[in-house]
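Notes for the one structure printed next.
The values are calculated or read from the model by the stated rules, or taken from the named source; none is laboratory data. As the structure is a prediction and not an experimental result, all values here were calculated from the model. Glycine also receives a Cβ, built like all others from the backbone with ideal geometry; neighbour counts cover every protein chain displayed.
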Amino acid sequence: MYEEFLNKKNRIAVVGASRNKEKWGYRVFRKLKDLGFIVFPVNPGVNEIEGERCYADLGSLPEKPDLVITVVKPEITEKVVEECRGAGVRRVWMQPGSESRKAVLYCKNNGIEVVYDSCYVVDGLKTDW
C-alpha cells in the first residue's frame with residue numbers, strides 16, 4: 001500500500017502548507033519539491049510559498065491530486081476528507097497531529113485509503129531517491 005502513496009509520479013496537495021520554515025507544513029512541502037514531486041500547496045491564508053501559487057482549497061487546484069497530505073488541525077482534516085471524497089481523491093496521508101478518529105473512519109467508510117500516525121517525510125520517505 002505504501003508504494004502507491006510514495007510513487008514519484010504522484011501529484012500531491014499539501015493542505016496546511018506554510019511559509020514558516022519551522023512548521024511541518026513548510027518542511028513537507030519543501031522536501032517533496034526537492035524530490036521532484038508535483039506539489040500543490042493549499043492554505044487559504046497564503047497566496048504563495050517560495051514563488052509557488054498557494055491554493056485556497058482542493059476545489060481551486062488546476063488538476064486533481066493523486067494524494068492529499070494534511071498538516072492541519074484535526075477538525076480541518078475532517079472537512080478536507082469530505083472535500084477529497086467530492087473531488088474523487090482516493091488517498092489521504094494525515095500527518096501526526098492532524099488525524100482524528102472521525103476523519104480516519106470517514107476515509108475508511110468512503111473508499112479513501114488512509115495513512116495516519118506516521119510522518120510522510122520521516123517515516124514514508126526513508127529511502128534516498
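Miscellaneous remarks
- Residue satisfying all of: in the range 35-77; of a type in the set (A, V, I, L, M) and assigned to a loop (DSSP other than H, G, I, E, B); nearest to Cys119 (Cα to Cα) among these: Val71
- One residue stands out in the range 112-129 among those that are more than 18 Å from Lys79 (Cβ to Cβ) and assigned to a loop (DSSP other than H, G, I, E, B): the one that is modelled with the highest pLDDT, namely Asp117.
- Evaluation of Asp34 against (1) loosely packed, with under 13 Cβ neighbours inside 10 Å; (2) touching a residue at least 24 places away in the same chain (Cβ under 8 Å) (one fails), failing number: (2)
- Taken together, Val71, Val81, Val39 contain a single residue that is crowded, with 22+ Cβ neighbours inside 10 Å, closer than 19 Å to Lys9 by Cβ and touching a strand residue (DSSP E or B) at 6+ places or on another chain (Cβ under 9 Å), which is Val39.
- Residues satisfying the criterion are present in the range 96-105 (criterion: among the polar types (S, T, N, Q) and either closer than 25 Å to Lys9 by Cβ or touching a residue at least 24 places away in the same chain (Cβ under 8 Å) (or both)).
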